[in-house]
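Written below as structure tokens is the structure these notes are about.
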Amino acid sequence: MTFWDRWRIPIMLAPTMSVIVFLFIGGLIYAAMVSLGWQPLIGRTEISLRAYQNILFSGDFTEVFWHGLVLTIWVSVGSTVISAILALMTALLLRRSFVGKRVATFLYQLNLPVPHVVAAIGILFLFSQSGVLSRTGAQLGLLSYPSDFPVLVKDRYGIGMMLSFVWKEVPFIGVIVLAVLQSLGVDYEDLARSLGANRWQRFRYVILPLVMPGVLSGSILVFAFTFGSYEVPAILGVRFPRTLTVTAVRFFRNPDLNARTEGMAISIIISIIVFFLVLGYMWLSRRAIRRD
């Protein structure tokens, strides 16, 4: 084996990997240093954990951080659970043979390439109190005024953010589940049916255990993305409480450069949580491969 054959793939990947390492790893190291108080441009070179103490335990940012963390977890968990349930249900429906299945499958995957910022703007125009549905309801006499429409966007409970994430992530998880279902075939179900299992028993004891690794893997990716998403909460969120990503960006853009330390500390906390989620995804994937 020649030198080129041995090192061809690493050499071809080197330019791309260099950019990834420089932008991602370099940015992460810089954020960690700033979160520890290292800002030589404003004369701060002392390393300490004061920023983490301020946002976690005591300081002006503690209430903002914990309220933001609760909202972020609520939106991420709610969006992930609803998306996973709807994805499983729709994948089971699309698995069957029916007239127009190709068209339905195409429409099901149509919004996958749509950016999340576009989805958020669409939800804003559609579900806001001055949006399409509220004005249509007022025109049809279903509402006295457009402002009588329920507050579904820019609300304290993150309903608008969940709507945007669910609309985007259901096809993502559904495509994964559908691929798993199609690879399994119907042999397992036919065997269970021949043994007297009804439809619910076939779903509970045959289909669900087989597709659960794919559902969990997709759900972990969705949770990690929604937890670290910025554009959707920035468009559909309220001023208080804000999600952690919006809070971190607000601190970083603060005219007082000292606030960047707390903003970077929040970013590092988000990165740590997402890192462990990725580890969980890798563990589930390897476990599923070994089981197969």
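One residue stands out among those in the stretch 107-138 that are touching a Lys or Arg at 6+ places or on another chain (Cβ under 7 Å) and part of a helix (DSSP H, G or I): the one that is nearest to Phe149 (Cα to Cα), which is Ala119. If a residue must be modelled with pLDDT of 90 or more, under 17 Å from Val177 (Cβ atoms) and crowded, with 21+ Cβ neighbours inside 10 Å, how many such residues does the stretch 71-108 contain? Total satisfying the criteria: 6.
The values are calculated or read from the model by the stated rules, or taken from the named source; none is laboratory data. Remember, predicted model here, so these are calculated numbers, not experimental data. Because the Cβ atoms are built from the backbone with ideal geometry, glycine has one as well, and the counts that use them run over all protein chains shown.
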